[in-house]
Amino acid sequence: MLLGKNCRFVIALAVGFCLRLPAPADASVIALDLPGTARVGDTLTLEVRATNVFDGLDVSEEVLAFGFDIWISNPGALSFQGATVAFPFDDNSGFFPNTDVAGSAFPGLPNDGTHDTIPLATLTFRAMLAGPISLGIVSDIADLNEGLIYFLDGGQDITATAGLTIEPKGTVPEPHLAVVLVAGLTAGLANRRRRQARR
């Protein structure tokens, strides 16, 4: 009998967790691609990628899954709109209530030289308040659903942050400029009325 894709993944993940060893600390690095500035009301995206995924790992190693939570230094400044899990991962975010974004791949992604950089997800936010903020992803590898999960080496922490400046939606003229403009218009209208009265 053929097993369903999710069932086969659960079996492979269970085997991986039974063999779970601490992953090398320098196995991979998380890159967060984010524009440096945005304006209030803008929609912006954060690209999450794992690089140097198999550095120092055995050639029989595979990446099975990943999971992380979203962290925002000022939660009122950004509104999380959703996540798109990158191909070839399946989106498993709905299965894990304590994990914001999760994905799995079956079969796993092999250490064959083609997966040194792996896109994980695209996160979408709406800018709500002006000011500098930090945002990023955090993973608790004590939670079996979080981190970058390898078949042989277990889970690796994928916590990373990036900075962003949210600027006001539009610039407001400075008060003294507005006063000068109103005074100029008033003087112009008064001058015009005087000329018309002389005629």
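Values quoted throughout were computed directly from the atomic coordinates according to the rules given, and no laboratory measurement underlies them. Bear in mind that the values here come from a model prediction, so they are computed numbers and not experimental data. Here the Cβ is made from the backbone with ideal geometry for all residues, glycine too, and neighbour counts use every protein chain on show.
Residue-wise HN-Hα couplings along the stretch 145-158, as the Karplus relation 6.51 cos²θ - 1.76 cosθ + 1.60 with θ = phi - 60° gives them from phi, are 9, 10, x, 9, 9, 9, 5, 9, 9, x, x, 10, 4, 10 Hz; Gly and Pro carry x. Using a simple spin-label model with pseudo-atoms 7 Å out from Cα toward Cβ, Asp33 and Thr114 lie 2.0 nm apart. Under 15 Å from a point placed 7 Å out from the Cα of Thr165 along the Cα-to-Cβ direction: which residues of the stretch 32-53 have their backbone N that close? Counting backbone N atoms under 15 Å from the label point, the list is 35-40.
Specify whether the C-alpha gyration tensor of the stretch 55-127 places it in the rounded, prolate or oblate class, a ≥ b ≥ c being the square roots of the eigenvalues: rounded for a/c under 1.5, otherwise prolate if a/b is larger than b/c and oblate if not.
Prolate.
Extending 7 Å from the Cα toward the beta-carbon at both Ser79 and Phe95 defines two label points whose distance is 3.1 nm.
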